[in-house]
């Protein structure tokens, strides 16, 4: 295979692809699928991050309550 043959074959395929009318829905769906998958991935990441943030906040609140309870017992007058 010569480079000229490969180049000509590629040009022919691009030309037929450009003039083809069938399969436009599939091409549009394929192009729209890329950002859609990206948005779904971002939503999953945001949801997991938000869940982790809520769990950390709950742990900090519980620690603060326990420490305040212990501190009030340490400073009680007999």
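Things to note:
- Any chance residue 39 is out of contact with any strand residue (DSSP E or B) (no Cβ under 9 Å at 6 or more places or on another chain) and modelled with pLDDT of 95 or more: yes
- Failed item in (1) exposed (fewer than 10 other Cβ atoms within 10 Å of the Cβ); (2) part of a helix (DSSP H, G or I), with residue 21 passing the rest: (2)
This table checks each residue for (1) outside any helix (DSSP H, G or I); (2) surrounded by 10 or more Cβ atoms within 10 Å (Cβ to Cβ).
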| residue | (1), (2) |
| --- | --- |
| 1 | yes, no |
| 16 | no, no |
| 27 | no, yes |
| 41 | no, yes |
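- When 67, 10, 34 are screened for being modelled with pLDDT of 85 or more and exposed (fewer than 10 other Cβ atoms within 10 Å of the Cβ), only 34 passes.
- Test result for residue 52, surrounded by 10 or more Cβ atoms within 10 Å (Cβ to Cβ) and either at pLDDT 95 or above or under 18 Å from the mean Cα position of the chain (by Cα) (or both): yes
The values are calculated or read from the model by the stated rules, or taken from the named source; none is laboratory data. The structure presented is a predicted model; accordingly, all values stated were derived computationally and were not measured. So basically every Cβ, Gly included, is an ideal-geometry build from the backbone, and we count neighbours across all protein chains shown.
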